[in-house]
Amino acid sequence: MKLLTEYLERAVQLESLAADESDGQFKKQLLTQAESYRKLAAERALEYGLPMPSPPQPKIV
């Protein structure tokens, strides 16, 4: 269970960093990494028989 929450926490951290990033290429890389962590979390949820994690929340400005 620990890895599932760690994957999601890391995805949220990367999404937060990307939201504040002005360099478009670096922002894309951060979001790609976040997507990968969310995919790992979804795979782990399936293994544990848990519901799928929620999608990323849009940042409200």
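Any read-out appearing in this document is the output of simple, stated calculations on the displayed coordinates, not a laboratory observation. It should be emphasised that the depicted structure is a prediction, and the values quoted were computed from it without experimental measurement. Every residue, glycine among them, receives a Cβ derived from its backbone with ideal geometry; neighbour counts consider all protein chains shown.
Condition (residue is surrounded by fewer than 17 Cβ atoms within 10 Å (Cβ to Cβ), under 9 Å from the mean Cα position of the chain (by Cα) and part of a helix (DSSP H, G or I)) applied to the range 12-28: is it met by at least one residue?
Yes, the conditions are met somewhere in the range 12-28.
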Listed residues L3, L8; which is surrounded by 11 or more Cβ atoms within 10 Å (Cβ to Cβ), touching a residue at least 12 places away in the same chain (Cβ under 8 Å) and either under 11 Å from the mean Cα position of the chain (by Cα) or assigned to a loop (DSSP other than H, G, I, E, B) (or both)?
-> L8
Within the range 5-44, the residues that are touching a Pro at 6+ places or on another chain (Cβ under 9 Å), over 14 Å from Q57 (Cα atoms) and among the small types (G, A, S) are A41, A42
Where residues in the range 29-53 are touching a Leu at 6+ places or on another chain (Cβ under 9 Å) and assigned to a loop (DSSP other than H, G, I, E, B), which of them is surrounded by the most Cβ atoms within 10 Å (Cβ to Cβ)?
-> P53
